[in-house]
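See structure below.
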Amino acid sequence: MFTCKVQNTKNNVLELTHNESQFQIVKIEGLNPPNAQINISNIAGMDGAKFNSSFVNSRNIVIYIKLNGDVEGNRIELYSFFRIKQWCKFYYKNQRRDVYIEGYVENVDCDLFSNNEIIQISILCPQPYFKDVDVIIDDISKTVAAFEFPFAIDSNGIEFSTFEQSRISTITNNSEIENGLTIKINVLSNCNKIQIRNTTTSETFTINYNCIKNDIITINTYKGEKSVTLKRGTTTTNLFTSLSNNSKFFQLEIGNNFFSYLVDDGTNDGAVEILFEHNTIYGGV
């Protein structure tokens with residue numbers, strides 16, 4: 001049993017299943033893991049070949065929908081959700097996975113003179129992996145709970161939390177491949193340098209910028225979407241030029257990944273709150 005729906009550029013959502021008085025899903029192609037391109041080269045005098053590189057091709061989803069009831073009206077409604085060359089988001093859910101993928105409508109084809117009219121919709125997805133609808137959020141800020149019972153109020157007050165300078169946070173990636181993520185940094189007080197370190201790979205991401213309270217920095221490390229921006233009030237600034245030369249856009253390896261951070265070289269770590277956001281991604285459903 002499965003369900004699927006589509007979201008258009010206006011964020012309207014159309015249910016394509018459980019609505020057989022209008023639409024009946026006949027078949028969906030492109031739900032399996034996408035094809036990989038393997039580049040190899042032959043070497044004179046040696047059996048076999050040498051592996052050079054590999055990558056995954058874009059995904060092509062093709063949906064076949066039988067039109068019932070008011071055939072013309074239902075066909076026109078599908079046109080409004082699957083607009084040629086426009087973006088759409090396709091959702092698919094079965095007993096094990098609840099995922100979505102984003103793409104662009106390549107074509108919408110149907111036989112207008114058939115008694116059993118079936119419309120064929122092709123969606124090209126540049127990023128070929130399905131994303132779980134649930135976003136995983138991990139707070140790697142260095143606030144550690146320190147509240148204890150029983151307690152008594154003394155001259156020093158009550159200690160609710162402390163900042164643990166050596167804390168390393170664990171981010172678990174349950175995806176089927178390595179995965180990008182979105183890092184959101186909420187600036188709580190003025191600072192000039194923020195460095196995040198992947199202690200698994202020793203890669204760092206360093207921002208050198210005069211940040212002030214209430215700034216919000218967003219880092220996107222997904223392949224093909226990499227960006228780093230700062231929002232201050234209603235103004236958004238590109239921070240690419242404020243990155244150190246050795247900054248790396250992190251990819252989460254399968255399994256556990258370990259991260260730490262420093263603000264102003266470790267003297268001001270309480271000045272930020274850092275949230276890691278990522279989806280579990282799959283090759284197929």
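The values are calculated or read from the model by the stated rules, or taken from the named source; none is laboratory data. None of these values were measured; they are calculated from a predicted model. Using ideal geometry, Cβ is built from the backbone for each residue, glycine included, and neighbour counts are taken over all protein chains shown. Surface areas here come from the heavy atoms of the whole protein model, side chains and all, with no ligands, DNA or RNA. Shrake-Rupley method; radii C 1.70, N 1.55, O 1.52, S 1.80 Å.
Yes/no matrix, rows are residues, columns are (1) in contact (Cβ under 8 Å) with a residue 12 or more places away in the chain; (2) in a strand (DSSP E or B); (3) crowded, with 18+ Cβ neighbours inside 10 Å:
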position	(1), (2), (3)
Phe250	yes, no, yes
Asn256	yes, yes, no
Phe259	yes, yes, yes
Gly270	yes, no, no
Glu273	yes, yes, no
Glu277	yes, yes, no
Thr280	yes, yes, yes
Gly284	yes, no, no
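State all residues of the range 204-225 that are modelled with pLDDT of 95 or more, within 25 Å of Gln127 (Cβ to Cβ) and open to solvent by 40 Å² or more (accessible area, probe 1.4 Å); if no residue qualifies, say none.
Within the range 204-225, Ile216, Thr218 qualify.
Checking the condition closer than 30 Å to Arg96 by Cα and either part of a loop (DSSP other than H, G, I, E, B) or modelled with pLDDT of 90 or more (or both), which residue from Thr200, Thr172 passes?
Just one listed residue meets the conditions, Thr172.
Is it the case that some residue within the range 176-194 is closer than 30 Å to Tyr100 by Cα and hydroxyl-bearing (Ser, Thr, Tyr)?
Yes, there is a match, as at least one residue in the range 176-194 is closer than 30 Å to Tyr100 by Cα and hydroxyl-bearing (Ser, Thr, Tyr).
I'm trying to understand the selection: among the residues of the range 58-69, which are closer than 23 Å to Glu29 by Cβ, open to solvent by 50 Å² or more (accessible area, probe 1.4 Å) and touching a Ser or Thr at 6+ places or on another chain (Cβ under 8 Å)?
Within the range 58-69, just Asn60 meets the criteria.
Among the numbered conditions (1) open to solvent by 10 Å² or more (accessible area, probe 1.4 Å); (2) touching a His at 6+ places or on another chain (Cβ under 8 Å), tell me where Asn245 comes up short.
Answer for Asn245: the failing condition is (2).
If you take the residues in the range 101-121 that are hydrophobic (A, V, I, L, M, F, W, C) and in a loop (DSSP other than H, G, I, E, B), which one is nearest to the chain's Cα centre (by Cα)?
Ranking the qualifying residues of the range 101-121, first place goes to Leu112.
Go through the range 29-88 residue by residue and tally those that are assigned to a strand (DSSP E or B) and either among the β-branched types (Val, Ile, Thr) or under 17 Å from Glu106 (Cα atoms) (or both).
13
Among the residues of the range 37-57, are any in contact (Cβ under 8 Å) with a residue 60 or more places away in the chain, more than 16 Å from Ile118 (Cβ to Cβ) and open to solvent by 70 Å² or more (accessible area, probe 1.4 Å)?
Among the residues of the range 37-57, not one is in contact (Cβ under 8 Å) with a residue 60 or more places away in the chain, more than 16 Å from Ile118 (Cβ to Cβ) and open to solvent by 70 Å² or more (accessible area, probe 1.4 Å), which makes the answer no.
Lys131 - would you say it is open to solvent by less than 80 Å² (accessible area, probe 1.4 Å) and at pLDDT 90 or above?
In short, yes.
Taking Val144 as meeting all but one of (1) at pLDDT below 90; (2) part of a loop (DSSP other than H, G, I, E, B), write down the number of the exception.
All conditions pass for Val144, except number (2).
Name the pairs whose Cβ atoms lie under 7 Å apart, with the first residue in the range 82-111 and among the acidic types (Asp, Glu) and open to solvent by 60 Å² or more (accessible area, probe 1.4 Å), the second in a strand (DSSP E or B) and modelled with pLDDT of 95 or more, and 6 or more positions between them or separate chains?
Glu102/Trp87; Glu102/Lys89; Glu102/Cys125; Glu106/Ser122; Glu106/Ile123; Glu106/Leu124; Asp109/Gln120
Would you check which residues across the range 183-227 are basic (Lys, Arg) and in contact with a helix residue (DSSP H, G or I) (Cβ under 8 Å, 6 or more places away or on another chain) and list them?
Within the range 183-227, Lys193 is the sole residue that qualifies.
Would you please name the residue that is most open to solvent (accessible area, probe 1.4 Å), looking only at residues in the range 178-195 that are farther than 16 Å from Lys231 by Cα and more than 19 Å from the chain's Cα centre (by Cα)?
Once the filter is applied, the top-ranked residue is Lys193.
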